[in-house]
1. Residue by residue through segment 176-193, what is 3J(HN,Hα) from phi via Karplus (6.51 cos²θ - 1.76 cosθ + 1.60, θ = phi - 60°)? Round to whole Hz and write x for glycine and proline.
2. Return one quarter of the surface area of the convex hull spanned by the alpha-carbon atoms of segment 446-736, equal to its mean projected area, in nm².
3. Test of understanding: express the Cα radius of gyration of the chain as a ratio to 2.2 N^0.38 Å, with N the residue count.
4. Based on DSSP H runs of at least 4 residues, each adding -39500 (n - 2.57), what is the mean residue ellipticity at 222 nm of the chain after dividing by all its residues, to the nearest 500 deg cm²/dmol?
5. Select from segment 521-581 those GluC sites (Glu not before Pro) which occupy a DSSP coil region and have at most 12 other Cβ atoms within 10 Å, ordered by residue number.
6. Quick one: which residues, 5+ away or cross-chain, put their amide H under 5 Å from the amide H of residue 537? H built at 1.01 Å from N.
7. Would you mind working out the magnitude of the charge dipole of segment 297-443 relative to its Cα centre, with +1 at each Lys and Arg C-beta and -1 at each Asp and Glu C-beta, to the nearest 20 Debye?
8. Which value, in nm² and rounded to one decimal, describes the direction-averaged projected area of the C-alpha convex hull of segment 297-443?
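Nothing in this text is a laboratory measurement; each read-out follows from the coordinates by a stated rule. If you're wondering where the values come from, they're calculated on a predicted model, not measured in any experiment. Cβ placement follows ideal geometry from the backbone for every residue including glycine, while neighbour counts extend to all protein chains displayed.
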Amino acid sequence: MTPSVPQAGLAPSVSQRLKLAYQLGRHLGPDWLIYRMGYALRNKSGWLRRRLPARPWTAAPLAGLLREGMPSEPDAYLAYRRTQAPPFLFSPADRSVFQGFFARWSTGDAALAARGEGLAAGSLTYFSGLTLETGFPPNWHRNALSGETAPADAHWTDLDEYAYGDIKVIWEPSRFGFAYDLVRLYWRTGDEKWPELFWQAVASWRQANPPQLGPNWRCGQETAFRVMAWCFGLYGFLESPATTAQRVVDLAQMVAVSGERIEANLGYALSQRNNHSLSEPVGLWTIGLLFPELDASTRWLRLGRRTLEAQTARLFYADGAFSQHSFNYERVGLQDLLWALALGERNHQPLDRSVYETVGRAATFLYALSDAGTGWLPRYGHDDGALILPLSHCAYDDFRPAIQAAHFYGCDSRCYGDGPWDEDLLWLQGPEALRSPANSLAQTDLDAAAGGYYALRTGDGMAFMRCPQQFRHRPSQADLLHVDIGWRGLDIAIDPGTFSYNAAAPWDTIPLAATAYHNTVTVDEREQMDRRGRYLWLPWPHGDTAVRLRAQHGTLAYWEGGHDGYTRLPAPVHHRRGVLHLGDEQWLVIDHLTSTASHRYRLHWLFAAWPYTWQADAAHLMLRTSAGDYHVRVCAGGADAAVSLVRAAEDSPRGWYSPRYWVREPALSLAYAVEASSVRLMSCLGPEACTVTDAPEGGLQVVGARWTAVVRWSGADGGPLVASVSRQGEGAETLVIHERPYSI
């Protein structure tokens, strides 16, 4: 989504404007600020409207978009596409070989067929998990959730993308994501109704969306995704009787006009420094490779390559993390690159080796944070339901298809054994890739300091921590020191997700991005950063991840981090968090907050809405999960606390989480608030109902059924919170935290 200006309200004063400009220049750079100011002026002057004038399709016939000497008469052009056009990811001759692999993954065929039949009957899948009745073809300008319709006769630069509900609901059908399902169905069954359905949708979209008119031309990234899906359908149905000469001519014209749209506004896409900066060059690269007959194809090919290689280096970090601070958006970026790499190889124009290396690092990073048995990752960062290459039967939150394909391209091998997650790789690289070795990777603790991601692994789970030392790109959520805990394939302590970028109150400000809904501590009901717009947080805080230790022979492990987000308060607050693994899947999370004045410290945990029992006086929550009972107990060393547990609040987003875009489900929100100048908050989580008390000789002890863990506090000024932890009884061991912190 496009970053917005600060939200409506009282007009900001001159001093507020200057302060905002200073912060934007400081964090995003003066070049970014100057470009965006100039872009706003050019837009207001009508520059883009003049560069991309609205016109009917008849005003831009394919013949005028082709190189000299290329056939434009429909039958001749179709013959060219079938016999001389550049190769795609696959060819019709591959179908019989592919079907042998499809037979291995037939357990998902019924669901695939049901989606196809549903589409034909007018039921469209939105955001990888929400089915809406739209009719077929859908009304391409109607918001199927709100009922609002954007004007089809207005130039896209004149449209307010927040005036018709969540514009992503309008955009979603126009991504043509269903084209991938239709091709997969056709290659499995040979039923000609699937290509006919695709071509009917293309013809309907063309009629409803003349060049540069209406909301579906507003976003260059959406245009690029649409081009990718159109190409997949064109090549997937190339030999079908439904693929008539006139239909192919019309589609080629649509692709060419799409290239003009992407190129004209590419500078703005690059200024966003996120997936737009990858997807739109991929669109140009795709058109330049696959449609060399177009007059602009050579320019688009060069521009796409140059931009894509440069942006890949800028947006992916050395540890494999991604600039958009979101695991799902990292998958989008990764699938962009996989598509681009595969097309380049097919056409003997491979991208630079550095792109392959980046893809390999990203695969290793995501694999390290995934659950090997299910493919899920912590639901971290903004998530709009995007899955731009839906090429397998695997669920949306199963990252194995993308990780498997990325690992192959980046590391020349697979990281999972044979399974339905291989279908992405089959479509991208062909059958030979599925005969490559599958080398299982060890999943160990993660230190991804460049991106700010950390994990402590256990035998049956993981604690995932978020603590960027320094933001290089815009933060998407105010969630430093957030902790996500997985256990036995379940996400126990969870991130709330996104829900929507533009919904009715109380969901109208992307509230789940706020500190209060994450598993961390809020001070005086303030955010760790201040909101300066729908997608903008300022100033950017710094994190400090100074300690990470694991016992060499045992299960004890410790991680510690901190941030300075609350040092901007009149009476500054310093927040440090320690995460201790005590063995037996038990965790102790310690929050230490210090200040010279009293503050309200609110510790928050969010859990999936399992059946539960709640003892408010003991701040003890027991979850009855499908994998067994799981206990949570919170305390504050004797300080008086206001404790509450909320499930699915009626008047606020508290007690909700969003597993899919525009889907919200009940969750359990546990809040523990104290008034103090300095406080130490303890959270004990695990399958045992442990007690937390003061230790006889100082420090803290956590008592389980057959063991006791003694935690000694550190007295070192500026050192770690914990000096040592000793487990006594069953599984005895000791971990000493060095007075001089271990630097990651």
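1. Listing the rounded values in order: 6, x, 5, 4, 5, 4, 5, 5, 4, 5, 5, 6, 7, 10, x, 6, 6, 5 Hz.
2. Across all orientations, segment 446-736 yields a mean hull projection of 14.8 nm².
3. Working it through for the chain, the quotient is 0.99.
4. Calculated at 222 nm, the ellipticity per residue is -10000 deg cm²/dmol.
5. Filter output for segment 521-581: 525.
6. For residue 537, whose amide H was placed from the backbone, the distant partners under 5 Å are 532.
7. Charge dipole, segment 297-443, about its Cα centre: 580 debye, nearest 20.
8. If you wrap the Cα atoms of segment 297-443 in a convex hull and average its projections, you get 8.4 nm².
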